[in-house]
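Asker: My questions will all concern the structure given below.
The values are calculated or read from the model by the stated rules, or taken from the named source; none is laboratory data. Quick caveat, the model's predicted, so the values are computed rather than measured. Here the Cβ positions follow ideal geometry from the backbone for every residue, glycine too, while neighbour counts run over all protein chains shown. Just the protein is used for accessible areas: all its heavy atoms, side chains included, with ligands, DNA and RNA removed. Shrake-Rupley method; radii C 1.70, N 1.55, O 1.52, S 1.80 Å.
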Amino acid sequence: SSATVETINLISTDIYIYGCMVVIIIGLINNFMNTFVFSLKNYRTNSCSLYLMTSEMSNAVNLLVYVLPTVVGLITGENGTEIYLWWCKLMNFFGNQLLALSTITLCLASIDRYYSTNPNALVRRRSSMKAAKISILIALFASLLLAIPELLYRGIDYTYGTPICTKISPVYNLCLTYFYLLLFC
């Protein structure tokens, strides 16, 4: 029975590792191709393209900063978050910040499309590159603010013998579950 559980754990870990590697590779290719397309001359003056390019770039960085170290940790047994408190906090901070930025910019792109296709000329004027640049800066600032609790309430827990990077506040865990994840996932 113990050998069966170990075998199932090994198989599930391998599936997770290979699945994540496929997601990382395909995701990075997709993000870079989309970023390239949105940066072409025809799209450079389109405010929606700027929102989508920002979302794609934040997704690519998130794959490299958050998902890749997680997979490396599964392969090697540690990814640094169990040893270095600063890495534990920063990895989760940027993971949440980039997820929020990507989601916010996708929402802004949808709003921009509504503005740009509205029959009312006054509403159509709201879709501009200037508004897009300001909105992206505000979204970046908001996403940084939303991720600050990761710097405050992340820590290394030694309760179970082996160190693990986890949320050290039960209140933050509830806030994360009922606010952040519902809002951005």
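Asker: How many residues are within 18 Å of residue 66 (Cα to Cα), touching a strand residue (DSSP E or B) at 6+ places or on another chain (Cβ under 7 Å) and touching a residue at least 40 places away in the same chain (Cβ under 8 Å) if we restrict to segment 156-185?
Answerer: Summing the residues that are within 18 Å of residue 66 (Cα to Cα), touching a strand residue (DSSP E or B) at 6+ places or on another chain (Cβ under 7 Å) and touching a residue at least 40 places away in the same chain (Cβ under 8 Å) in segment 156-185 gives 3.
Asker: Here is a follow-up. Look through segment 17-49, keep the residues that are of a type in the set (Phe, Trp, Tyr) and in contact with a helix residue (DSSP H, G or I) (Cβ under 7 Å, 6 or more places away or on another chain), and return whichever of them is farthest from residue 75 (Cα to Cα).
Answerer: Among those that are of a type in the set (Phe, Trp, Tyr) and in contact with a helix residue (DSSP H, G or I) (Cβ under 7 Å, 6 or more places away or on another chain), it is 43.
Asker: Going through segment 52-90 one residue at a time, which ones are in contact with a Cys (Cβ under 9 Å, 6 or more places away or on another chain) and assigned to a helix (DSSP H, G or I)?
Answerer: 67, 68, 70, 71, 74, 85, 87, 88, 89 - these are the residues of segment 52-90 that are in contact with a Cys (Cβ under 9 Å, 6 or more places away or on another chain) and assigned to a helix (DSSP H, G or I).
Asker: Moving on to the next point. Note down all Cβ pairs under 9 Å where the first residue falls in segment 20-39 and is farther than 11 Å from residue 56 by Cα, the second is among the β-branched types (Val, Ile, Thr), and they're at least six residues apart or on different chains.
Answerer: 20/67; 20/70; 20/71; 21/71; 23/67; 24/67; 24/71
Asker: Specify the residue that is farthest from residue 125 (Cα to Cα); the eligible residues are those in segment 26-78 that are open to solvent by less than 30 Å² (accessible area, probe 1.4 Å) and of a type in the set (S, T, N, Q).
Answerer: The residue in question is 62.
Asker: With respect to residue 13, determine if the residue is part of a helix (DSSP H, G or I), open to solvent by 40 Å² or more (accessible area, probe 1.4 Å) and touching a residue at least 12 places away in the same chain (Cβ under 8 Å).
Answerer: It is true that residue 13 is part of a helix (DSSP H, G or I), open to solvent by 40 Å² or more (accessible area, probe 1.4 Å) and touching a residue at least 12 places away in the same chain (Cβ under 8 Å).
Asker: Mind checking which pairs have a first residue in segment 103-130 that is without any contact (Cβ under 8 Å) to a residue 40 or more places away in the chain and a second that is basic (Lys, Arg) and open to solvent by 50 Å² or more (accessible area, probe 1.4 Å), Cβ under 9 Å, 6 or more apart or different chains?
Answerer: Final answer for the pair search is 111/126; 115/124; 115/125; 115/126; 117/124; 118/124; 118/126.
Asker: When you look at residue 82, is it under 30 Å from residue 155 (Cβ atoms) and touching a helix residue (DSSP H, G or I) at 6+ places or on another chain (Cβ under 9 Å), yes or no?
Answerer: Answer is yes for this residue.
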